[in-house]
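This report refers to the structure that appears directly beneath it.
Readers should treat all values here as calculations from the given coordinates under stated rules, not as data from a laboratory. As the structure is a computational prediction, the values presented were derived from the model and not from experiment. Cβ coordinates were reconstructed from backbone atoms using ideal geometry, including for glycine residues, and neighbour counts include every protein chain displayed.
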Amino acid sequence: MKLLVIHNSSAGGADDESVRTVLRTLEAGADVLTCEDPDDLGGALAAHPDRVPVVMGGDGSLHALVAALAARGELAGRPVGLIPLGTGNDLARGLGIPLDPREAARVVLDGHTRALDLLTDDRGGIVVNAVHVGVGAQASERATALKPVLRRAAYAVGAMLAGLRARGWRLRISVDGTPVADGRRRVLMAGIGNGTSIGGGTPLTPAALPDDGLADVVVSFAVSPPARLGFALLLRRGEHRSRGDVRTYRGGEITIAGEAVPVNADGELGPPTARRTWTVQRQAWRILAPAASVGRTG
């Protein structure tokens with residue numbers, strides 16, 4: 001097995017000992033070439049077309065790798081490996097990829113591939129795990145500055161700070177062409193999940209399946225201060241769908257339009273958008289996953 005191991009040194013869990021552990025484990029069973037923080041990820045992939053790319057990082061690092069493969073037209077034919085050394089590691093959690101570096105490296109060496117859905121948007125972007133708009137994206141923005149100190153607790157603190165002042169946004173939302181929010185009622189947060197969680201394990205779309213051709217959608221109208229608090233408490237436990245001001249849907253095409261709203265895709269903040277459409281591409285890419293998860297579909 002020939003691997004191209006891409007090391008994101010800025011990833012939240014990428015301490016020197018974890019990196020050494022991963023490399024020792026991989027080198028015991030494969031031909032390993034390491035590429036640290038490549039300036040040109042596409043160029044690194046082009047230079048080593050016979051190697052399986054393995055990223056050491058979080059959802060954002062994996063997002064960058066999958067985007068580079070998509071740009072090269074290599075999604076279907078080139079599987080990827082993931083060693084979850086990020087802050088949140090939400091896709092890894094949903095797929096059962098171990099958070100222990102040594103065990104995650106062994107999953108790569110086992111070589112079992114799983115085909116996963118991909119969300120693409122009308123501006124050429126991709127999403128491997130989840131995208132959310134509104135207060136959740138604001139929480140991520142506030143958490144960014146806190147990550148060096150609080151690490152995995154940063155998102156929870158960021159969410160608390162963002163929730164104190166959130167008033168919501170007037171948004172029109174449709175799922176497969178059916179309106180689910182008409183723009184008159186303010187929306188606190190809307191999430192589209194291919195994976196099950198965001199922010200290091202917050203179960204935004206806990207029933208989502210990453211390979212069934214559909215995205216899970218959650219829309220929260222909990223904009224009053226008591227409602228925001230109640231929503232936040234239940235969201236951490238994955239029980240928010242029981243609220244009367246929360247709606248859930250499943251679909252293959254989701255459009256959000258209206259007031260410019262902050263966007264977070266795979267933990268990475270993008271500019272506020274006034275309109276965006278996301279479409280599910282069924283089983284468009286492949287990842288090395290635990291054998292027990294291979295073959296699962298919705």
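Kindly express, to the nearest 10 degrees and within the range 0 to 90, the angle between helix 135-144's C-alpha long axis and the longest C-alpha principal axis of the chain.
The answer is roughly 50 degrees.
Highest mean first, how do 38-48, 20-30 rank when packing is the count of other Cβ atoms within 10 Å averaged over residues? Display every interim value, and only then the final one.
Values: 38-48: 14.5, 20-30: 17.0.
Going from most to least packed, we get 20-30, 38-48.
For the stretch 38-44, in order, what is each residue's ³J(HN,Hα) by Karplus, 6.51 cos²θ - 1.76 cosθ + 1.60 with θ = phi - 60°, in whole Hz (x at glycine and Pro)?
Residue by residue, the stretch 38-44 yields x, 5, 10, 5, x, x, 5 Hz.
Helix 225-237 sits at what angle to the longest principal axis of the chain, using alpha carbons and giving 0 to 90 degrees rounded to 10?
With rounding to tens, the tilt is 30 degrees.
Consider the candidate values [x] 24.1; [y] 21.4; [z] 19.3; state which one is Kirkwood radius over Cα pairs in Å computed from the structure displayed.
Of the labelled values, this structure produces [z].
If you count, for each residue, the other Cβ atoms within 10 Å and average over each peptide, how do 261-268, 72-79 line up from highest to lowest?
Answer by packing, highest mean first, reads 261-268, 72-79.
Compute the long axis of helix 154-165 from its Cα atoms, compare it with the longest principal axis of the Cα atoms of the chain, and write down the angle in degrees, 0 to 90, nearest 10.
Between helix and principal axis, roughly 20 degrees.
Going by average Cβ density within 10 Å per residue, which order do the peptides 202-208, 178-184 take, highest to lowest?
Values: 202-208: 21.9, 178-184: 13.3.
Result, highest mean Cβ count within 10 Å first: 202-208, 178-184.
Suppose every Lys and Arg Cβ carries +1 and every Asp and Glu Cβ carries -1, with no other charges. What dipole size does the chain come out with about its Cα centre, to the nearest 20 debye? Mind showing how you got there, number by number?
Details: 34 positive and 31 negative charges, 257 e Å.
Approximately 1240 debye in magnitude.
Suppose only helical runs count, i.e. DSSP H with n ≥ 4. What mean residue ellipticity at 222 nm does that imply for the chain under -39500 (n - 2.57) per run, divided by all residues and rounded to the nearest 500 deg cm²/dmol? Mind showing how you got there, number by number?
Numbers: 9 runs with 87 residues, N = 298.
So the calculated ellipticity at 222 nm is -8500 deg cm²/dmol.
Would you give the gap between the C-alpha center of the stretch 48-101 and the C-alpha center of the stretch 176-217, rounded to a whole Å?
Cα centroid to Cα centroid, the span is 22 Å.
In the chain, what % of DSSP beta bridges are antiparallel (nearest 5)? Could the numbers behind the result be given before it?
On the way: 50 of 66 bridges.
Counting DSSP beta bridges with both partners in the chain, the antiparallel share is about 75 percent.
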